[in-house]
Amino acid sequence: MRRTLAVAAIVALGLAASPAAATATPVRSWPSYVLGPHADQVTPKRAEARGTVSHAGSLVHPHGRPTTLTTIAGRTPASVVLDFGQDIAGTPYLDISQVSGTATLNLVTGEAREFLRRPAATTLAAPAATGAQQVTVASATGLEVGNTITLGAQTRTIVGFDAATRIVDLDRPLEQDVAAATAVTTAPGAPASDESRGLAGVGGPDNLQVTAPGRVAAGFHGGFRFILLTLTTPGTVQVSGLGVDFQAYRATARDYRGWFLSSDEQLNRMWYAGAYTLQLNMKPAGLNGLPDARIYDGAKRDRSIWTGDLLVQGPTIINTLGDVGADYLRSSLDALFATQRADGALPGSPDFAKRTSPAGSPLFYSNNYSGYGARAAIDYFRYTGDREYILGLLPNLRRELAYNATFLTADNLVASNDRDYWQATQTGAVTKYSIDYYILLREMAWLERTVGSATDAAGYDATADAIKTAVNAKLWNPTLGAYGQSTDHPDVLVEDANALALQYGFVPAGRRAGVLRALKTLWTPYGAILGPGLQDPTGHTIEPFGNGMETAGRFAVDDVDGALALMRRTWGPMVDPGNPLYTGGLWEFKNSSGGVNRPTASLAHGWAASPTVQLTQQILGVQPVGAGYTTWTIQPRPGRVAWAQGVVPTRHGDISARWTSGNHRFNLHVSTPGNTSGTVAVPAGKRSIVLVDGRPVRPRITEGYAQLSLRGGRHTITVQR
């Protein structure tokens, strides 16, 4: 893919490119939405102190006076919370200007401020009598001098404790007896890491021994917005500087090969948050002892390649970063296919468990995820046109398809006691698994017709047709007005299966409105739930992965307003800088109240980035048809959006599009590589006047869109409705 527009030219294209832009909602130029750091060393934006700390603000705005932390035995340890304003990744460092004796600085990182400290939640190990100033607790985890401690109805301050004996010293005597096993809580708690070191292989708390002035580096931390720095030993330390060596993929506007801009500020934020999420997920070659580049599922956790995530990450990373993104995806696929089993199965993650090696070991998590891995490889070819690479993988893909075929029943449905992506096993012939296998068959048929066997392609299509017929005959529930979960649970409404049914043409036109209504019964103010009985007990109540399937399904049947409404519920709070959980990235999941309910929740997670892909493909309207965009389709779905514009990189050159909609008029300007061709579809009715490059045409009108076949080049399409 070559870049045909310099950044300056792209910026100039911005708002001035559209005559209607001056009257549209004011927005910023697209580079101003880019979230990557401007330099390899990142410094905090805000500081907040606790205990005896002077000049904490010097860590944000150095002015010659170092930040001084002083901890006195028996008093609150000196600490500073540093806020970087959004998620970053890398190695924190401290510049020490002075230290008294030997000091220990504890450093923990966190994506969410609320999990930087972990309150104790324990019980009394022995009864405590009236007048006692010492109590023994069952666990010392979460204790810190200076915190309040509540024992039943009495609240005191911790002035000391022994972690080995679990004896806690109180600031004043108890006024009444407290029985053994009484609940004990503390606030705000002790420093705690939100990282899962056993999964990620990195992170956790750093205890830095400081003996002399100079630079002290912590370990690598994969995704965090906050640092909590605590002087845990008595003494004084002066810190003249603190920063982070950024060690994900740092992309400035000059590194973007694709971009998006619209009249809608919130949608713009979503697009760039998805792009930045992927950059945080990118592990550069050589980092953490691994020579290859990889796309991890999350910045912080699990820091593993996951096939389900790649379905979203692949198109996102290529649409935003072009060749760089393609290289990362290909390297990740190499790691995946290197661990393929002899029976054809692909692991859900090729590098999940990292307890003994940075490379991890494969986790054969789900039969459905095995199929996702094959689809991710086909996506790579669709977006890049890398024929040599896909031909090398074709035997592996055929073996994987044969493995998935073993779960097809005589009724042409897929029965597999599988966990899929939400970690709860479904039984019987499952609607979603059947549709997923149908999708894989169609993808393989496209691939075989392009680079392989037309005979095999015809066979795959025939099997796919039989599955579609069986799903409609045996899994449709007229009472639900939608497809049931499975033959074992035909009365359970699920989001994902019905969303995919809409996206992939399973739902006859007369049933679509009913399915859309049924899906809307699963909506909450914070997004859609998966469906009754499918919630993960660890908190996966609202899945951006599943919600992305629903928005894609709604776009596919031209319910643009519904798709954008669900986007706003699900992703809108994530891109609000005023949200306490804001990271600049998109979150793995939400709980039923719209937040997260555990410290290890990933707040920069690849499978949540579907708005970036869908805004490019559905609102801007650009999608590949032939491998590497040799052929393409451009079909904007404006809904209530006033205008949009952007660029999509391809191996043949950039595809750019910009459109305006309003006052019964639709204008589209496209520029596509000269050696390509495709279809342009614009909103129109049977009485609309359609002009192509100023000349009236009589296009075919299908489902509210005028269909035009065009060769590559510059074209202007105008519709007067």
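Translational diffusion coefficient of segment 554-605 (Stokes-Einstein, Kirkwood radius from Cα pairs, 25 °C, 0.890 mPa s): 204 µm²/s.
Label-point separation (nm) for Ala180 and Thr538, each offset 7 Å from Cα along Cα-to-Cβ? Taking the simple label geometry, Ala180 and Thr538 are separated by 3.5 nm. For Arg637, the shell of other residues with beta-carbons less than 14 Å away shows a net charge of -3, using +1 for Lys and Arg and -1 for Asp and Glu.
Considering only Pro358, Leu408, Val312, and ranking their Cα positions along the charge dipole of segment 253-616 that arises from unit charges at the beta-carbon of Lys, Arg, Asp and Glu, the one farthest toward the positive end is Pro358. Relative to the dominant Cα principal axis of the chain, helix 323-337 is inclined by about 80°. Here, P(r) means the percent of Cα pairs in each 20 Å bin from 0 to the largest distance; for the chain it is 17, 46, 28, 9, 0. Applying 0.36 nm per residue to the separation of Lys686 and Asn579 and subtracting their alpha-carbon distance, the gain on full extension is 33.9 nm.
Under a model in which nothing but the beta-carbon of Lys, Arg (+1) and Asp, Glu (-1) is charged, the chain shows a dipole of about 1980 debye around its Cα centre. For segment 565-721, the equivalent ellipsoid built from the Cα gyration tensor has semi-axes of 36, 19, 12 Å, listed from largest to smallest.
Counting only DSSP H runs of at least 4 residues, each contributing -39500 (n - 2.57), and dividing by the residue count of the chain, the helix-based mean residue ellipticity at 222 nm comes to -8500 deg cm²/dmol.
Fully extending the segment from Ala253 to Val697, taken as 0.36 nm per residue of separation minus the present Cα-Cα distance, adds 155.9 nm.
Peptide packing: for 299-307, 596-604, 370-378, the average count of neighbouring Cβ atoms within 10 Å per residue gives the ranking 299-307, 370-378, 596-604, highest mean first. The simple Förster model, with R0 at 35 Å and r as the Cβ-Cβ distance, assigns Ser97 and Ala121 a FRET efficiency of 0.35. In this simple spin-label approximation, Asp323 and Ser29 carry label points 7 Å from Cα along the Cα→Cβ vector, and these lie 2.5 nm apart. Once you reduce segment 228-305 and segment 674-691 to the center of their Cα atoms, the two points are 40 Å from each other. Net charge of the neighbourhood of Gln720, taken over other residues with C-beta under 11 Å away and scored Lys/Arg +1, Asp/Glu -1, is +3.
Please report the base-10 log of the normalised intensity I(q)/I(0) for segment 282-441, using a Debye sum with one equal scatterer per alpha carbon and no solvent, at each q in 0.18, 0.21 (1/Å). With no solvent term, the Cα-only Debye profile gives -1.10, -1.41.
Across all Cα atoms of segment 517-630, the radius of gyration (one decimal) and Dmax (whole number) stand at 14.6, 46 Å.
Summing Lys and Arg as +1 and Asp and Glu as -1 over all other residues whose Cβ lies under 14 Å from the Cβ of Gly572 gives a net charge of +1.
In whole angstrom, segment 117-190 maps to an equivalent ellipsoid with semi-axes of 17, 12, 11, each derived as √(5λ) from the alpha carbon gyration tensor and ordered largest first.
Taken together, the values in this text are just the output of simple stated rules run on the coordinates, not laboratory data. From a predicted model like this one, the values you see are computed outputs, not experimental measurements. Every residue, glycine among them, receives a Cβ derived from its backbone with ideal geometry; neighbour counts consider all protein chains shown.
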